[in-house]
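Just below is one structure, and these are the notes that go with it.
The values are calculated or read from the model by the stated rules, or taken from the named source; none is laboratory data. What you are looking at is a predicted structure, and each value in this text was computed from that prediction instead of being measured. Cβ coordinates were reconstructed from backbone atoms using ideal geometry, including for glycine residues, and neighbour counts include every protein chain displayed.
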Amino acid sequence: MTQILANKTLADFSANRLDRTPQALSAFAGQVVLIVNVASQCGFTPQYEGLEALYQQYKDRGLVILGFPCNQFGAQEPGSSDEIAQFCALTFGVSFPMFERIEVNGDAAHPLFDWLTAAAPGVLGTGAIKWNFTKFLLGRDGKVVDRFAPTTEPAEIAPAIEKLL
């Protein structure tokens, strides 16, 4: 990881919420954060239910989950921000913060995901995100602690979250 990225924390980034309002991610300073690239038409989409359950279980102890829709994998998130918000709320009761659709790989990748993948390059060490529902766990200091594969069910992350709370 380049020295410039190495010195960053979550507080150094911002993104637009689904309602298009800018959100400084410094607002989540001091919390344990789980960042997930999500999609509405993916085989892993039912994980929204598990993510919401984690959020409800731990939010009062300092966990926040941040969902970042992405359409880079099989065009599985084609909807507008309004459609994504409606789907998440009505289908899975999602109440954790959701952001506008972004890219997580390539030249147009959101800077947050450049930083996340540099900090936790994954099993193959390439950094690239392989599919939707890749999860990054950050400690209260805003630094990446671990990365979890799309196949990792949200409930399996609970022990790692417990250690950080």
Q) Just checking, how many residues over the stretch 89-144 are within 21 Å of ILE161 (Cβ to Cβ) and either small (Gly, Ala, Ser) or over 14 Å from the mean Cα position of the chain (by Cα) (or both)? A) 11
Q: Considering each residue of the stretch 106-157, count those that are part of a helix (DSSP H, G or I) and of a type in the set (Val, Ile, Thr), and give that number.
A: 2
Q. For the stretch 105-142, which residues satisfy the criterion of being modelled with pLDDT under 95 and among the basic types (Lys, Arg)?
A. LYS130
Q | Residue under evaluation LEU5, criteria (1) surrounded by 15 or more Cβ atoms within 10 Å (Cβ to Cβ); (2) modelled with pLDDT of 95 or more, criterion not met | A | (2)
**Q.** Those residues of the stretch 91-117 which are of a type in the set (Val, Ile, Thr) and closer than 16 Å to LEU10 by Cα, in sequence order
**A.** VAL104, THR117
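Out of ALA85, ALA15, I need the residue that is in contact with a Leu (Cβ under 8 Å, 6 or more places away or on another chain), within 28 Å of LYS163 (Cβ to Cβ), in contact (Cβ under 8 Å) with a residue 60 or more places away in the chain and surrounded by 13 or more Cβ atoms within 10 Å (Cβ to Cβ). Which one? Don't jump to the end; show me each part of the working.
Details: ALA85 fails: within 28 Å of LYS163 (Cβ to Cβ).
Going through ALA85, ALA15 in turn, the sole match is ALA15.
In contact (Cβ under 8 Å) with a residue 12 or more places away in the chain and out of contact with any helix residue (DSSP H, G or I) (no Cβ under 7 Å at 6 or more places or on another chain), is that true of GLN47?
Values: in contact (Cβ under 8 Å) with a residue 12 or more places away in the chain: yes; out of contact with any helix residue (DSSP H, G or I) (no Cβ under 7 Å at 6 or more places or on another chain): no.
Here the answer is no, as GLN47 does not meet what is asked.
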Q: Kindly provide the set of residues from the stretch 64-89 that are more than 18 Å from ARG17 (Cα to Cα) and not polar (S, T, N, Q), ordered by number.
A: PHE73, GLY74, ALA75
(Q) Just the residues that are over 20 Å from GLY74 (Cβ atoms) and either out of contact with any helix residue (DSSP H, G or I) (no Cβ under 9 Å at 6 or more places or on another chain) or in a helix (DSSP H, G or I) (or both), please, taken from the stretch 89-98. (A) ALA89, LEU90
